[in-house]
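Accompanying notes for the structure given below.
Every number here is computed from the coordinates shown, using simple stated rules; none is lab data. Please read all numbers here as calculations on a predicted model, not as lab measurements. Positions of Cβ are generated from backbone atoms using ideal geometry, with glycine treated the same way; all protein chains shown enter the neighbour counts.
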Amino acid sequence: MRRRRHPQGARRQPHARAGRDLGRGGVTSPHPGPAASPDAVRPAVAVVGAGPRGTAVLERLLARLRADAGDGGADGTGPLGVDLHVIEPYVPGAGRVWAPGQPDPLLMNTLAGHATAFPDASVRMAGPPSSGPSLLEWSEEHAPGLAPHAYPARALMGRYLAWAYHRIVADPPPGVRVIHHPDRAVALAAEPGGRLRLTLAGGGGVAADAVVLATGHTEVLPGDEETVLAAHAAAHGLAYVPPGQAHERELDAVPAGEPVLVRGLALNFFDQITLLTTGRGGRFVPLEHGLLRYLPSGREPRVYAGSGRGVPYLARGHAPGTMPAGHRRRVLDDGAVQRLLDRGPGSVSFADDVWPLIAKEAGLAWYEVLLRRSLGECALPPQEFLDRYTAAPYRSVAEAELLAGAFADPGARFDLRDLDRPLSARQFAAREEFDAWMREHLRDDLAQALDPADSPLKAAASAVAAVKGAVRRLVAAGALTGDTRAALSWFRAFGAHLSSGPPPSRIAELLALSEAGVVSFLGARPEVRADAGRGVFTAVSATVPGAQVEARALIDAWLPGADVSRTADPLLRSLLDSGLARPHRTDDGRGGPSGALDVEPSGLRVRDADGVASDRLFACGIPLEGVEWNNAIGARARSDAALFRQADIIAARALTAARTTGADRTTPAATALLSSGGDT
């Protein structure tokens, strides 16, 4: 069979073999059949994208259909059955991000013991229960020795997700077919009679009664700055690596031994640095206390890295050989969230009502460890101080007087916002001086990450991680005022810096790379320019005034944010251009775009240009960032994961659409055609 062409610039990944029998009527086939075949009258649901979210929707569809079959055909589809179309050009289950063929040194930022592709008993959903092995359980047979407290390779997670997909589709109920299209959907249009038709990049199309968009990370059009940088690179023979997935970038263009500027010090940065160092033959040698020594291969570039804050994401607190205990919310707890929800939609200010509770939650965690470990002299008995601190409103006169009276040393007093811009009041006379400061910063962060029980900072970070779910709940309920979008965006970035960083091992590696002279640091808010006169890129930061760096290579080490108004994805663009979908706009009085696809939040139904929520078109995941908040998080085992709850809601509504529209086509002639085997 001729293979479909993959998206330009993307790596080809193996996909499911077309035509493979997946059990009682379940098949994978690149084509559902011509319009005149019996397939044309079968109820159908199409899932666009089979990464973790799309696969979760598929699992819920099959679980509901299986339960209906057990009830004697209560699904209402009669003898016609249901077709489930899966459109995924990459490995189904893994999708683009979790490609099983990516380099093994690229790690997950989730512990093995937390990752799963299957809903468990903790998930509160209306649909029938089901189960399957978590990553850790699967690894007992497929990757023996994987510890629950390990950070696995992303390629291993991709292999698990691909396996999970095949397990999910392997035994569909009678009359149900799963049809995988190893292709991209590039357009969608409404057909007479109520169906939706997807056009595929390789030719042909798929007609369905309901379509689920689980497209995940899609490309966006380059901004003005990226366009200028790319043109400058092309004109002068330079290397410019734009934002994107690290395993898809053309890092071979970055020359060995020469300076390269890197913007971004978050998770994508650690992936890029890994590929430029150990990916080029370097290796780390373990030392005592979690430290490392780097042995260069000689093929590394000379990296100069900076970001808005100027410092890398902080390491996750994780004592070796243990599973993190997590944080139990006591200030912004479920009761506090419910009291905020009870005020009604659009009535809660993030800055005035939510942030003070977050700051107090983190501060309480900080002071508990500080006092328990006697890391700061307190003039009050510990419990008295903690009780009074909890009761005093955030940044009130009472709180200020309490802190001043309890701690003579101002360094023992905590304010969460102080962690946001650690370089804002610092300048260094030379880059060597700044690099030395940064190495000490990394050593301190690593030491605290490896012993989080004794770290006030890691306790506060754990508290911030714990409150994110509460904030998501408030956003999903529409409780926040429209003018809090900027504050939410700030907290998303700050919370990620503080509590969603890399494993401690990545900080140890970065420290070793700096000590080996492979990595140096630019500082905060580096100003990068395309110097046409000299034919180079330049960078300078106020952190080290006057210390300009020139380079013939520039890497933008981040993922572009989801923004449907700038999407380069042809399917999303088709939906917007046709009016079947519209961009979500904020309700802050200005009605500006949030970057998200507009959906009805409770049912994830896509809204058309007139604001009408479709009963046949649904969306989930990354394109909804803006309607939802911080929604890139995956499913965590035993945590009532929202990903599975949403998948079940979508599956229920999609099957309702298939049954309703399909019933209109269930004529005696159609039934006779199907029972005759489709011969005409």
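A compact table of results
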quantity	calculated
Gained length - ARG330 relative to ALA429, 0.36 nm times residue gap less alpha-carbon distance	31.2 nm
Dipole moment magnitude, nearest 20 debye, the chain about Cα centre, only Lys, Arg, Asp, Glu C-beta charged	1160 debye
Placed amide H near ALA392: partners under 5 Å, 5+ positions off or other chain	none
At R0 = 30 Å, FRET efficiency that the Cβ-Cβ distance of GLU401 and ALA453 yields, to 0.05	0.45
Amide H contacts under 5 Å for SER307, placed H, 5+ residues apart	GLY264, GLY523, ARG525
Karplus 3J(HN,Hα) series, Hz, for the stretch 465-477 with 6.51 cos²θ - 1.76 cosθ + 1.60 (x for Gly, Pro)	4, 6, 7, 4, x, 5, 5, 4, 5, 5, 5, 4, 7
Full-extension gain in nm, ASN109 to ARG529, via 0.36 nm per residue minus C-alpha separation	148.0 nm
The chain: angle of helix 224-236 to the longest principal axis, Cα-based, in degrees nearest 10	80 degrees
Proportion of all alpha-carbon pairs of the stretch 290-430 beyond 27 Å (%)	44 percent
The stretch 83-154-the stretch 235-273 distance, computed between alpha-carbon centres (Å)	28 Å
Protection-proxy order for peptides 276-288, 485-497, each taking the mean of Cβ atoms within 10 Å per residue, highest first	485-497, 276-288
The stretch 287-321 and the stretch 518-592: distance between their alpha carbon centers, rounded to Å	24 Å
Cα gyration tensor category, rounded, prolate or oblate, for the stretch 169-235 with a/c compared to 1.5	prolate
C-alpha long axis of helix 397-406 to longest principal axis of the chain, angle in °	50 degrees
Gyration tensor (alpha-carbon) shape descriptor, the stretch 455-519, a/c threshold 1.5	prolate
Residue-wise HN-Hα coupling along the stretch 452-457, computed from phi with Karplus coefficients 6.51, -1.76, 1.60 (Hz; x: Gly, Pro)	x, 5, 10, 10, x, 5
Rounded if a/c under 1.5, otherwise prolate or oblate - the stretch 334-499, Cα gyration tensor axes	oblate
The stretch 131-205: radius of gyration and largest Cα-Cα distance (Dmax), Å	18.3, 56
Two-site FRET efficiency, ALA126 against ARG566, from Cβ-Cβ distance with R₀ of 35 Å, rounded to 0.05	0.45
Length gained when the stretch ALA189-LEU221 is fully extended (0.36 nm per residue, less Cα-Cα span)	9.2 nm
Centroid-to-centroid separation of the stretch 430-491 and the stretch 408-426 [C-alpha atoms, Å]	13 Å
Ranked packing of 525-533, 595-603, 175-183, most packed first, by mean Cβ within 10 Å	175-183, 595-603, 525-533
Cα-Cα P(r), the chain, percent of pairs per 20 Å interval	17, 48, 30, 5, 0
Three principal axis lengths of the stretch 80-154 [C-alpha, angstrom, descending]	47, 32, 22
Protection proxy ranking, peptides 501-507, 576-582, 516-522, 393-399, average beta carbon neighbours within 10 Å, highest first	501-507, 516-522, 576-582, 393-399
Phi-based couplings in Hz for the stretch 509-514 (Karplus 6.51, -1.76, 1.60; Gly and Pro marked x)	5, 5, 4, 5, 5, 5
